[in-house]
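Heads up: the structure comes next, in structure tokens.
The values are calculated or read from the model by the stated rules, or taken from the named source; none is laboratory data. Because the structure is a prediction, the values reported are computed rather than measured. In this analysis, Cβ positions are derived from the backbone assuming ideal geometry, glycine residues included, and neighbour counts consider all displayed protein chains. Areas reflect the complete protein model, heavy atoms only, side chains present, ligands, DNA and RNA absent. Shrake-Rupley method; radii C 1.70, N 1.55, O 1.52, S 1.80 Å.
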Amino acid sequence: MSSTSRVVALSSAVAFATQVAFALLMLRLFTPQEVGEFSVISQIGFFWMTLALAQSPLGMLANQYLPAHTAAQQAWRASALRGLGLLPVAALAVWFSQLAMWPALLWALLLAFCQMGWMLAQSLTLRMGAAWQQAAVRVLPPLTAATTALTAALLGASVGWGGPTLVLSALLGYALGAAWLVPALRARDVRDVHVDSTPSADAATSTPNVTQATNAQQSDPRSATLRMAHTLVDALLATAIIVVWQRLYGSQETGWMSALLRVLGFLPAVVHMAWAQVALAQGHHANNRHTAMGSPWWLGLGAFACVIVLGLSCAVALYQEWLDPRWSGVWAYIAPLVLWQGSACLSAAFSHRPFQTKSARGYSWACIALGLLQALVLFAPIGLAQPIEAEQHMAAFALMSSLGLLALAVWMARLR
């Protein structure tokens with residue numbers, strides 16, 4: 001792995017460990033109802049942020065013919081406008097979840113826009129930041145959130161604080177991450193180019209030879225409509241699983257499922273950040289050396305093994321009664337979520353390949369098709385006269401998701 005990969009991998013691992021600690025902290029110090037409500041609000045904010053970004057962080061990495069500051073400014077403007085336009089959609093999601101519209105919608109809005117800035121800041125530092133900046137922008141936000149939540153929980157036990165501890169802690173962490181984007185937004189050397197466009201002949205000839213070689217192989221040629229459709233399916237599915245669980249099975253079941261998903265779901269995200277995004281930032285030729293040795297398969301399988309270890313650790317914690325007895329319902333979710341998130345690690349290990357093999361459009365259509373199949377399984381019990389148990393529902397959903405992700409990984413691995 002390159003030095004950049006090592007820095008990002010190490011900082012992502014530290015951030016991952018911090019977020020796991022934050023998730024375990026929620027299990028230990030907060031009730032399932034509190035975790036469930038926070039999960040609904042944060043997931044709506046995540047949906048809002050994801051749809052507003054429309055995969056702009058990937059575009060900042062793949063289309064390197066744009067100066068980093070220019071790409072960041074244009075990505076933020078376009079994302080902020082989309083975010084404001086999505087306000088009615090977010091309000092509808094809050095209403096459907098049956099949470100109080102106020103202040104849940106305000107919390108979701110603040111989480112969404114701060115997280116949006118943090119995601120763009122990570123791509124910006126990957127392109128032009130020093131090693132310490134690449135590490136700090138990933139580690140400090142989750143560390144701040146975990147420290148704030150722990151401090152508030154300990155103070156609450158002594159002084160009777162009853163405020164929204166979890167959402168405030170997450171908001172503070174995201175705001176700190178978004179601050180890394182401020183220098184780029186204040187820069188004035190903005191050229192009249194568009195993030196969604198492809199490299200022009202003039203742009204290609206004005207860049208160094210290495211960049212020309214990279215741009216000739218690597219790009220994101222998808223239309224804005226296709227990127228938005230891809231993002232919409234992903235964001236709706238990620239939000240729907242929380243909202244549907246809340247509506248069908250209540251806050252307690254949602255807390256059990258979402259807390260474990262928060263722990264296990266970090267690993268696919270780490271694989272994508274520390275491997276796929278770095279491969280795009282370094283260009284096609286650097287990644288060829290990795291793929292020639294079969295690294296994505298080994299990386300994906302290693303991450304899958306880590307997911308299994310985490311699942312076993314959760315099982316041991318429950319068996320040894322280290323957690324409050326109210327969390328015993330997590331048992332039924334361990335096996336299906338391990339299978340689902342482990343398969344997601346394998347898919348994430350190859351997610352850069354479509355952008356380096358001129359297959360980005362096919363990749364988006366494949367992801368959209370998989371998302372629609374997952375949605376069918378997720379929403380099927382709503383129309384049944386006799387609703388199925390939450391454990392059976394999750395088993396069916398995880399199996400469908402795992403098979404689809406494994407098929408997607410095999411397809412991407414064969415791209416040349």
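The alpha carbon centroids of the stretch 38-65 and the stretch 348-382 are separated by 16 Å. Converting phi to 3J(HN,Hα) with the Karplus coefficients 6.51, -1.76 and 1.60 and the offset θ = phi - 60°, the stretch 245-251 yields 5, 4, 6, 7, 10, x, 5 Hz in sequence order, with x at every glycine or proline. Solvent-accessible surface of protein heavy atoms, probed at 1.4 angstrom with all chains present, puts 270, 244 in the order 270, 244, largest first.
Placing +1 on each Lys and Arg Cβ and -1 on each Asp and Glu Cβ, with no other charges, gives the stretch 296-416 a dipole about its Cα centre of roughly 820 debye.
Solvent exposure of the chain amounts to 43 Å² per residue of accessible area, where only protein heavy atoms count and the probe is 1.4 Å. Charge tally around residue 42: other residues with Cβ under 15 Å, Lys/Arg +1 each, Asp/Glu -1 each, net -1. Ligands, DNA and RNA left out, the accessible area of the stretch 15-137 computed with a 1.4 Å probe is 71% carbon and sulfur. Taking packing as the residue-averaged number of other Cβ atoms within 10 angstrom, the listed peptides 79-88, 24-33 run from highest to lowest as 24-33, 79-88.
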